[in-house]
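Taking it in order: structure first as structure tokens, then the write-up.
Values in this text are rule-based calculations from the coordinates and carry no lab data. Model, not experiment: these values are computed from the prediction. No Cβ is skipped: glycine too gets one built from the backbone with ideal geometry, and neighbour counts run over all protein chains shown.
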Amino acid sequence: MALKFRPFIDSSSKMKELTLGPILMGIILGILFGASSLYLALKVGMTVSASIPVAVLSITLFKGLSKIFGFRKATILENNMVQTTGSAGESIAFGVAVTMPALLILGYDLDLPRIMTVSILGGLLGVLMMIPLRKALIVKEHGKLIYPEGTACAEVLIVGEKGGSSGKIVFGGFFLGLFYKFLNVGMRLWKDVPEKVFTFFKGSAIAAEVSPELLGVGYIIGLRTAAIMMAGGVLSSFVLIPMISLFGENLSAPLFPAKILIKDMEIHEIWRNYVLYIGAGAVAAGGIISLFQSLPTIIHGARSGLKSLLGKGNLDSEPMGRTEEDLPFSFVIIGTLLMVLGLWFAPALHINLLSAIMIVLFGFLFVTVSSRLTGEIGSSSNPISGMTVATLLLTCLVFLAAGWIGPEHRVGALSIAAVVCIAASNGGTTSQDLKTGYLVGATPKYQQIGLLIGALTSSIVIGYSLILLNDASTVYTKKVPNYVVQDLSQLKEKQKIKGPEGALDQNEYLVLQVTEQSSAETLKVLNPGKYLVNNERKVIYLVDPGINGSINKRDDGSSVTKYEAPKARLMSLIIDGILTQKLPWGLVLLGVALALVLELCGISALPFAVGVYLPISASTPIFVGGIVRWFVERKKDKSQTEGDSETGSGVLFSSGLIAGGAIAGILLALTQIMPGLSEKLDFSSTIGGVSSSDAFATLVFITIAVVLFIIGKKKA
């Protein structure tokens, strides 16, 4: 029997809910937080839930519009509609960032139609699969599945009816993060990555990317997780890289997979050629372990979901009121059939009917699992990447057994994993939003309409954001081996150079994509990647992508921001490892062993593995944010509950820092593709040595950490 429960707004209320204003605001905030979440996921492979900051901003913006322009005050249900519509952007952004950049690593371009198709189908599938599960998971399991972030969001909406300064805190963090990032990365008034290399300990170094968004992430995830992640970075920078440097110093031949001697490598090259694979193995093992740990939940969730889908677990015998109205089940059936046809016939995906059916089956399974895990641990801690790894492993094994190992099948396997990943991510967020609506007294079918609208609009925009970030940081370098293409069939259509280099060279070039499946003759000279070839068939440029690229400086000496996209690298390793069977398995298995050691010690392997995978410069500011959270928790009022901490001033301010810093990063990416604009913004030469000082950059970052501490001590 379901627990008797009375929502904040009674079922008989006729309060306004699904109106044009909240839908439009939800779309705008969804696109905003989707872009910022994409930026964050490309940087460090994680995102944080957008529901609470979107709810706070909705309350604040509607109150401001009411005071300034005399508009009608928004109801609590309209504010809930904004956060419902707006939260889809973050979940879709995570799914896209985890999977789609793997195309670049596999040797393909980021294709806008493919990204958009995958995003739309995955986002809509996640909502559709959750509709028949709502009564089983949200209503029947009320009191058992707590949905911590969904419950906290409901508290924010309820408190927002009585007023408060929460919105000012989020806006304060947003504008501080925005201006900090603009002054730091745009105007280059201080270094963005201060670093200290220890000469007495060869191969070791400490660095920190002094960015507001990473500081905010560390505060939100807390010291425990941040410290585990930092431990992985310490192992990478102070054990693995120095050890490889020490043992490889006297080697007279390159050690696979590198093509140059270890003694000739810089620290970053050692990390990219060796430690990256160790970290990827650890991330894969950590994700799979977390999935196995969730097996009881998976089995129970799949069984409950199947009962609900067959009509055995619903609550239709209970009186139907406004708060019990879902979109009709016929809508779900027709929508699912259209999804199968859309997946099958979508020209951008190149998958067959069997693959389309696999996507829907995997989608239902992992939407159910994701929704239950969100109810237990929250959406920010949901192991979506582990579910994606499992999907990709099973898909690749099926493809291998069927003999589907060609280049088009690699893209097909990734597309299947991408749709399932986005569906599972958005399914978990959908269940969280429906829980918030259940607590405040929203109408489920209106929320489901808002979720479908939010998923669709965010999916349309997210591909443009991904391609923008990649293009802005792509380096076209002429430092390439002397090579003339003999086989004309390898060359593709002509392209022009984008970005700053495009202003200097406006010629069109043929495209040569070198992959692990290219000829042995080509691979002897050229590493896998994209090259531009002139009419004489001579290679002129190496196109080093902004995502997972290895070159951080252009030929003119100017630096660029690269995005490591750790989860996407993992997806490409799985596909290459199974379908092409070319992978440095020794390094990958070292990472797997590391993850097993951590789990045997009772420590979660996944954050540690991410710390090993990423440069230590990404883990350090996250660790600082965790330390700030620890100091705030020590100083907090004894009467504050755990829920108060999750909706407190520090979390809200950190959410603003993340959004502000990430949006600034995207706006600055625009300056990179506009010839000459980034140079005009550069004031580093004007202020002299301060701009290159490690000490000054560290001092500025400590200042913003102190501001976060002061704000965090206040009650929201």
Legend entry - D (Stokes-Einstein, µm²/s), Kirkwood Cα radius, region 65-111, 0.890 mPa s at 25 °C: 177
Inset, instruction - Note the full-extension length gain between PHE683 and GLU408 as 0.36 nm times their separation in residues minus their Cα-Cα distance, in nm to one decimal. - result: 94.3 nm
Legend entry - Mean separation of Cα contacts under 8 Å, 6 or more apart, over the residue count of the chain: relative contact order %: 30
Inset, instruction - Quick one: of LYS263/LYS530; LYS67/LYS144; LYS181/LYS494; LYS259/LYS538; LYS43/LYS530, which pairs are farther than 32 Å apart, Cα to Cα? - result: LYS67/LYS144; LYS181/LYS494
Legend entry - Extension gain (nm, one decimal) between LEU523 and VAL340, 0.36 nm per residue minus Cα-Cα: 62.0 nm
Inset, instruction - Would you tally the net charge around ALA97, using a Cβ to Cβ cut-off of less than 10 Å, leaving ALA97 out, and scoring K and R as +1, D and E as -1? - result: +2
Legend entry - Prolate/oblate/rounded call for region 74-181, Cα gyration tensor, a/c under 1.5 rounded: oblate
Inset, instruction - Note down the nm distance, to one decimal, between modelled labels 7 Å out along Cα→Cβ at LEU699 and at ILE158. - result: 4.8
Legend entry - Cβ-derived FRET efficiency at R0 25 Å, ASN507 paired with LEU112, nearest 0.05: 0.55
Inset, instruction - Compare the peptides 389-401, 482-494 by average per-residue count of other Cβ atoms within 10 angstrom and give them in order, highest first. - result: 389-401, 482-494
Legend entry - Within region 557-594, backbone nitrogen closer than 17 Å to the virtual label 7 Å beyond the Cα of PHE292 toward Cβ: 589-594
Legend entry - region 475-544 - percent relative contact order, Cα under 8 Å, separation 6 or more: 41
Legend entry - Gyration tensor (Cα) of the chain, equivalent ellipsoid semi-axes in angstrom: 40, 30, 24
Inset, instruction - Of the DSSP beta bridges with both residues in the chain, give the percent that are antiparallel, rounding to the nearest 5. - result: 95
Inset, instruction - At most 14 other Cβ atoms within 10 Å and a DSSP loop assignment: could you name the GluC sites (Glu not before Pro) in region 225-293 that fit? - result: GLU249, GLU266
Legend entry - Label-to-label distance, nm, for residues given as ARG6 and LEU354 (7 Å Cα→Cβ offset): 5.8
Legend entry - Cut-off under 5 Å, modelled amide H: who pairs with LYS494 long-range: none
Legend entry - Charge dipole (debye, nearest 20) of the chain; +1 at Cβ of Lys and Arg, -1 at Cβ of Asp and Glu: 1220
Legend entry - Highest to lowest packing among 625-632, 363-370, scored as the average C-beta count within 10 Å: 363-370, 625-632
Legend entry - Full-stretch length increase - LEU667, GLU325 - with 0.36 nm per residue and alpha-carbon distance subtracted: 119.0 nm
Inset, instruction - Rounded, prolate or oblate: pick one for region 475-544, where a ≥ b ≥ c are the square roots of the eigenvalues of its C-alpha gyration tensor, a/c under 1.5 means rounded, and failing that, prolate if a/b is larger than b/c, else oblate. - result: prolate
Inset, instruction - Be a star and scan region 470-511 for residues whose amide nitrogen sits under 14 Å from the point 7 Å along the Cα-to-Cβ vector of ASN534. - result: 478-480, 482-485, 505-510
Legend entry - Estimated distance in nm for a label pair at ILE260 and ILE333, the labels positioned 7 Å out from Cα along Cα-to-Cβ: 6.3
Legend entry - Debye, to nearest 20: dipole size of region 440-545, +1 on Lys, Arg Cβ, -1 on Asp, Glu Cβ: 120
Inset, instruction - Give the shape of region 106-243 as rounded, prolate or oblate, defined through the alpha-carbon gyration tensor: a ≥ b ≥ c are the square roots of its eigenvalues, a/c under 1.5 means rounded, and otherwise the shape is prolate if a/b is larger than b/c and oblate if not. - result: prolate
Legend entry - In Hz, Karplus ³J(HN,Hα) per residue of region 272-279 (6.51, -1.76, 1.60; θ = phi - 60°; x = Gly, Pro): 6, 7, 10, 5, 4, 6, 4, x
Inset, instruction - Positive end of the charge dipole of the chain (Lys, Arg +1 and Asp, Glu -1 on Cβ, about the Cα centre): tell me which of VAL193, ALA413, TYR446 has its Cα farthest that way. - result: TYR446
Legend entry - Dipole-positive endmost among LEU246, MET15, SER572 within the chain (Cβ charges, Cα centre): MET15
